[in-house]
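The values are calculated or read from the model by the stated rules, or taken from the named source; none is laboratory data. Note that the structure is predicted; figures quoted are calculated from it, not measured. Every residue, glycine among them, receives a Cβ derived from its backbone with ideal geometry; neighbour counts consider all protein chains shown. Protein only, heavy atoms only, side chains kept; ligands, DNA and RNA dropped before computing areas. Shrake-Rupley method; radii C 1.70, N 1.55, O 1.52, S 1.80 Å.
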Amino acid sequence: MSATVHFVGAGPGAADLLTVRAVRLLESADVVLFPGTYLDPDVLAHVSPDADLVDTQDLDLDQITDAVVAASRAGRAVVRLASGDLSVYSALHEQTRRLDAAGVGWDVTPGVPAYAAAAAAVGRELTVPLLGQSLVITRTQARSTAMPTGESLEAFARTGATLALHLAITRIRVLMDEVAPILGGDCPVVVAYRVSQPDELILRGTVATIADAVEEAGLRQAAVILVGRTLDANRPQCAESHLYDPHRDRGAKRSGVKRPAGS
């Protein structure tokens with residue numbers, strides 16, 4: 001009988017930013033497939049020394065699927081690690097569709113997304129009352145599949161939402177030129193390269209200046225770009241959340257949540 005394949009979000013790369021569930025799955029895995037390009041090697045310290053490690057950076061999707069299916073059908077516990085979180089840009093759809101066709105069961109363990117780690121690194125909330133209450137996670141198109149009609153960067157920029165751009169670092173100058181007429185050259189930008197890893201690099205700038213900084217640093221991959229007024233280092237005075245307003249009616253009953261036994 002085939003063993004369940006566990007798709008696990010490895011988070012932004014740091015070994016101590018995996019979930020407890022992810023660590024347990026890695027510890028008990030017989031086979032771990034991992035993205036060597038994006039992962040801090042320390043993450044693999046959670047894996048048993050008896051497990052087989054497969055670096056997927058040079059494999060195509062069919063080769064990865066063949067390795068996963070073969071291990072699963074042999075009854076081996078399989079973990080397929082993905083950088084960040086599997087809900088975005090992880091090829092989860094393509095992989096699970098193939099596993100369904102092969103009759104192999106699977107499940108998903110979420111991970112810390114790169115945009116969240118980038119926001120944490122600069123100490124910023126990406127949704128600030130009356131300044132920006134939405135986050136758009138998107139990418140650019142170059143040597144990749146086409147973007148759906150209507151999902152242009154210009155259209156997203158016009159909403160005023162904070163933008164989290166993935167897979168876009170090599171085209172940052174073109175992208176900043178595209179949003180400059182809409183957001184303004186002074187709109188804050190943060191670029192987080194290998195955020196949370198030992199060689200992390202955080203670049204701060206504006207729509208007008210960030211491309212120069214990225215090119216000077218020579219960044220070509222493994223970076224997320226955040227764009228929006230919520231990133232303003234000057235912390236402009238904004239409205240405060242209604243949730244914590246002292247005048248809000250708090251007459252609702254408490255939830256009755258209790259501490260777990262033994263805590």
- Message: When the residues of the range 186-224 are narrowed to those that are within 19 Å of LEU131 (Cβ to Cβ) and in contact (Cβ under 8 Å) with a residue 24 or more places away in the chain, which ends up surrounded by the most Cβ atoms within 10 Å (Cβ to Cβ)?
- Response: VAL189
- Only one of these is outside any loop (DSSP other than H, G, I, E, B), within 16 Å of the chain's Cα centre (by Cα) and without any contact (Cβ under 8 Å) to a residue 60 or more places away in the chain: ASP16, ASP66, ASP62. Name it. ASP16
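Restricting attention to the range 109-130, which residues are open to solvent by less than 60 Å² (accessible area, probe 1.4 Å) and touching a helix residue (DSSP H, G or I) at 6+ places or on another chain (Cβ under 9 Å)? Lay out the reasoning, then the answer.
If we filter the range 109-130 for residues that are open to solvent by less than 60 Å² (accessible area, probe 1.4 Å), which is where we start, we get 109, 111-119, 121-124, 126-129.
If the condition is that a residue be open to solvent by less than 60 Å² (accessible area, probe 1.4 Å) and touching a helix residue (DSSP H, G or I) at 6+ places or on another chain (Cβ under 9 Å), then THR109, GLY111, VAL112, ALA117, ALA119, VAL122, ARG124, LEU126, THR127, VAL128, PRO129 are the ones that fit.
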- Item | Lone qualifier among GLY160, GLY150, GLY185 - being in a loop (DSSP other than H, G, I, E, B) and modelled with pLDDT of 95 or more | GLY185
- Message: Checking SER90 against (1) out of contact with any Leu (no Cβ under 9 Å at 6 or more places or on another chain); (2) open to solvent by 60 Å² or more (accessible area, probe 1.4 Å); (3) outside any helix (DSSP H, G or I), only one condition comes out false. Which one?
- Response: (2)
